[in-house]
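Take a look at the structure set out below.
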Amino acid sequence: MDETKYWVWLNMVFGTGNHRIWEVMSFFRTAEKAYLSLSSESPIVSLNENENKNVHGVTLQRAEVFLENCAKHGIGTVAFTGNDYPAQLRHIYNPPSVLYYKGNISCLKNEFTVTAVGTRKASAYSLKAAKEICSELSARGAVIVSGFAVGIDLASSMAAADIGRPTVCVMGCGVDVDYPRQNFSYRDTILSAGGVFISEFPPGTPPNSPNFPKRNRILAALGKATVVFQAGAKSGSLITANLSAGQGREVLCLPPADIFSGDYAGNVKLLRDGAIPMYDASDVVECITGRKNQPAEPAAVKRGAELFGGDKDDASAEAFAAFDVPDSTYERAEEKHRDNNAAELPDDLTDSQRSIANELADGPKHADELSRALDMDSSALMTELTELEIFGVVRSLPGKMFELIR
């Protein structure tokens, strides 16, 4: 029996990625039984005021219409109990209960998957390594998994697609959203090569900054190993690498081109912490096929959960267009992270992004004021501000005001 509509209903009630779904499901054998109980007059599970309101405000028909609209736009859906649900995700902390995808999700049934990560602002050395190693891995039958960001992510995925091999792009927004804009032209090539774009966020969900650390647990889990090509001291790639280790995956790291360069400080840290040095594709192949991956220890899984904030409520409620769910847990986690790193900017910022951050150093400013001060087109400015929000560098305020996070 296809239970997708019931899983979608649960997401509409509790919010995408909310761990409460799994607390509720611990009382039921199927999503249908969960729906029947929760929507009855006497549910066996206690609900808070907001959840109770959503249970009575969201109809099953609405979930059915939502799925029909997904199908009309060529967007596939697979629930946790579906045959095409990736096996790699079934045993991680807070697995996505529903995935949305465009393309060939069956490529994730391959036993040889590699997650490739690295900085957006990569050096020629790191880009060359990513292209050559991922191309050879793909030729040997691997499926490359990336976050589809500019830089290392795109180079890794296109290394596979350019030789007609599938690649998996894990999105921090809806799979139909044009983000990152500069990468959108590569989508057709990836799909034509048998690849897939997947997301736990419903179609239409914008690239909100809390989505990306949450997305990283999926990115880390889909690969049997994670390879890091270039990471600075504050690179988000380190989060994915830590999550991979916490999930029992091997982590490999490209030796830095320059051990004295801050651009490779993350590589140095990972290698010191026990990551496997990666000199060519054979190192990755041997790591995956020659060593048995050990299941993650409970403590490691807990550490991984803390990294991405497993308690966060729905970041994509607007896509369901029914209710707003607070981001309080993620906000607390983000503020703790910012307190520890207040004086430093991420390594991956472009010159334009650093100019914006410097302009905001004196206090909050309106987007129009920033546009004039930096002589920057308003649409380009908003794109850069979105990236800066994702990095946790700036915060948007009411009335198109923005401030630097200290």
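Past 19 Å, Cα to Cα: identify those pairs from 121/234; 5/72; 214/234; 214/269; 72/109; 72/102, in the order given. Too far apart for the 19 Å limit: 214/269; 72/109.
Apply the Kirkwood formula to segment 154-269: the hydrodynamic radius equals the inverse of the mean of 1/r over all pairs of different alpha-carbon atoms; give it in Å with one decimal. Roughly 15.3 Å, rounded to one decimal. Remark: relative contact order (segment 105-307) = 21 percent; criterion is Cα-Cα distance under 8 angstrom and separation of 6 or more residues. The mean of 1/r over all distinct Cα pairs in the chain, once inverted, gives the Kirkwood hydrodynamic radius of 21.8 Å. For segment 87-228, the convex hull spanned by the alpha carbon atoms encloses 96 Å³ per residue. Choose one answer from 206, 277, 43: the residue with the largest mean-square fluctuation in a GNM of the chain with alpha-carbon springs under 10 Å. Among 206, 277, 43, the largest mean-square fluctuation in the Gaussian network model of the chain belongs to 43. Out of every Cα pair in segment 1-100, what percent are spaced more than 24 Å from each other? When all Cα pairs of segment 1-100 are counted, 18 percent exceed 24 Å. Comparing 216, 242, 54 in a Gaussian network model of the chain (Cα springs below 10 Å), the most mobile by mean-square fluctuation is 54. Using only alpha carbons, segment 18-59 has a radius of gyration to Kirkwood radius ratio (Rg to Rh) of 0.92.
Only Cα pairs under 8 Å and 6+ residues apart enter the sum, and on that basis the relative contact order of the chain stands at 15 percent.
This ranking places 189, 226, 119, 289 by how few other beta-carbon atoms lie within 10 Å of each, fewest first, which gives 289, 189, 119, 226. Taking amide H as placed 1.01 Å from N in the peptide plane, residue 276 has its amide H under 5 Å from the amide H of 251, 252, 253, each at least 5 places away in sequence or on another chain. Here the Karplus relation 6.51 cos²θ - 1.76 cosθ + 1.60, evaluated at θ = phi - 60°, turns the backbone of segment 370-385 into coupling constants of 5, 4, 5, 5, 9, 6, 10, 4, 4, 5, 5, 4, 5, 5, 5, 5 Hz, with x for every Gly and Pro. Peptides 96-109, 367-380 ranked from most to least packed, by the mean per-residue count of other Cβ atoms within 10 Å: 96-109, 367-380. Evaluating 6.51 cos²θ - 1.76 cosθ + 1.60 at θ = phi - 60° for every residue in segment 140-149, the Karplus couplings come out as 8, x, 7, 10, 7, 10, 9, x, 6, 7 Hz, glycine and proline recorded as x. Sort out for me the Cα centre separation of segment 84-118 from segment 144-190, rounded to whole Å. Here the two parts' Cα centres lie 15 Å apart. Kirkwood Rh over alpha-carbon pairs of segment 349-406, then Stokes-Einstein at 37 °C and 0.692 mPa s: what D in µm² s⁻¹, rounded to an integer? Diffusion coefficient, whole number: 301 µm²/s.
Every number in this text was worked out from the coordinates using simple rules, so none of it is lab data. Bear in mind the structure is a predicted one, so any value in this text is a computation, not a measurement. FYI the Cβ positions are ideal-geometry reconstructions off the backbone, even for glycines, and counts take in every protein chain you see.
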